[in-house]
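Structure first, commentary second.
The values are calculated or read from the model by the stated rules, or taken from the named source; none is laboratory data. Note that the coordinates shown come from a computational prediction; the quantities given were computed from them, not determined experimentally. Cβ atoms come from the backbone with ideal geometry, glycine included; neighbour counts cover every protein chain shown.
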Ligand SMILES: [Zn+2]
């Protein structure tokens with residue numbers, strides 16, 4: 001049976017910045033990839049030409065287009081308001097529900113160990129909420145039938161995730177060679193047209209290529225994505 005991967009992002013485009021090179025590679029290898037996007041993107045974007053309702057539809061479409069480039073099997077959306085995620089029991093339950101539906105072997109999310117507040121992107125409130133909530137959903141709620149017992153009535157049995165990969169981490173311990181899929185990663189980012197003007201897309205492409213080159217350098221790889229992986233052996 002092919003391995004199942006669930007990548008969680010707060011916003012449309014988070015997963016493309018952080019994991020789309022690895023996911024493109026793994027999809028080609030036959031792994032089953034799922035995305036879970038927690039917010040609906042209703043406050044995202046630099047141009048003011050769209051209403052929040054229009055943005056929700058546009059960003060959903062952009063994320064699905066990017067996922068199609070990767071070869072993702074399904075994109076799951078929680079549809080929460082942009083900037084409104086809290087690491088509470090409701091968010092934990094919603095993530096547990098998707099874990100029990102998808103039954104992933106491996107998951108990817110933001111790194112909850114990032115607490116330095118020495119920049120802005122990693123410390124977006126939604127990113128921090130997802131980082132904590134994904135860990136808390138995997139351990140121990142998803143695998144314990146006494147958490148959210150009504151999920152059993154929905155037919156959702158407990159499920160144990162084996163490995164969690166943190167992206168955007170400051171202390172990577174695993175490097176994935178994405179030299180063959182860096183162009184797919186750039187193509188994914190370019191699908192998020194509502195977020196970037198053409199000029200900004202050029203800058204972002206240069207930035208992402210450089211970041212992946214830097215990540216690969218110490219391992220002798222042309223381009224890499226770097227993660228901190230922890231395992232849940234039992
Ligand atoms: Zn984000």
(message) Exactly one condition in (1) within 21 Å of residue 188 (Cα to Cα); (2) at pLDDT below 95; (3) surrounded by fewer than 17 Cβ atoms within 10 Å (Cβ to Cβ) is false for residue 68; which is it?
(response) (2)
(message) Restricting to region 8-36, name every residue that is in contact with a helix residue (DSSP H, G or I) (Cβ under 6 Å, 6 or more places away or on another chain), without any contact (Cβ under 8 Å) to a residue 60 or more places away in the chain and not in a helix (DSSP H, G or I).
(response) 33, 35
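Using the structure shown, decide if residue 225 is under 14 Å from residue 23 (Cα atoms) and either in a strand (DSSP E or B) or at pLDDT below 95 (or both). Let's see the steps before the verdict.
Values: under 14 Å from residue 23 (Cα atoms): yes; either in a strand (DSSP E or B) or at pLDDT below 95 (or both): yes.
Criteria met by residue 225.
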(message) Quick test for you: out of 220, 119, 155, pick the one residue that is closer than 26 Å to residue 79 by Cα, loosely packed, with under 13 Cβ neighbours inside 10 Å and out of contact with any strand residue (DSSP E or B) (no Cβ under 9 Å at 6 or more places or on another chain).
(response) 155
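Test residue 170 against the criterion of being touching a residue at least 24 places away in the same chain (Cβ under 8 Å), under 25 Å from residue 26 (Cβ atoms), in a loop (DSSP other than H, G, I, E, B) and under 18 Å from the mean Cα position of the chain (by Cα), and give yes or no.
Working: touching a residue at least 24 places away in the same chain (Cβ under 8 Å): yes; under 25 Å from residue 26 (Cβ atoms): yes; in a loop (DSSP other than H, G, I, E, B): yes; under 18 Å from the mean Cα position of the chain (by Cα): yes.
Judged against the criteria, residue 170 is a match.
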(request) Taking residue 6 as the residue in question, decide whether it is away from the ligand (no atom under 16 Å from the Cβ), surrounded by 16 or more Cβ atoms within 10 Å (Cβ to Cβ) and farther than 23 Å from residue 222 by Cα. (result) yes
(message) Can you list residue pairs whose Cβ atoms sit under 6 Å apart, with the first residue in region 118-138 being free of Cβ contacts under 8 Å to residues at least 12 places away in the same chain and the second being surrounded by fewer than 19 Cβ atoms within 10 Å (Cβ to Cβ)? Count only pairs 6 or more apart in sequence or on different chains.
(response) 123/117
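One line per residue, one yes/no per condition, for (1) touching a residue at least 60 places away in the same chain (Cβ under 8 Å); (2) surrounded by 18 or more Cβ atoms within 10 Å (Cβ to Cβ):
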{"site": "195", "(1), (2)": "yes, yes"}
{"site": "206", "(1), (2)": "no, no"}
{"site": "216", "(1), (2)": "no, yes"}
{"site": "226", "(1), (2)": "no, yes"}
{"site": "232", "(1), (2)": "yes, no"}
(message) Checking residue 82 against (1) part of a helix (DSSP H, G or I); (2) under 17 Å from the mean Cα position of the chain (by Cα), only one condition comes out false. Which one?
(response) (1)
(request) Restrict the check to region 39-58 and report whether at least one residue is buried (at least 19 other Cβ atoms within 10 Å of the Cβ), touching a residue at least 12 places away in the same chain (Cβ under 8 Å), closer than 16 Å to residue 128 by Cα and within 14 Å of the chain's Cα centre (by Cα). (result) yes
(message) Being within 17 Å of residue 7 (Cα to Cα), within 16 Å of the ligand (Cβ to nearest atom), in a loop (DSSP other than H, G, I, E, B) and touching a residue at least 40 places away in the same chain (Cβ under 8 Å) narrows it down to one residue among 87, 104, 112; which is it?
(response) 112
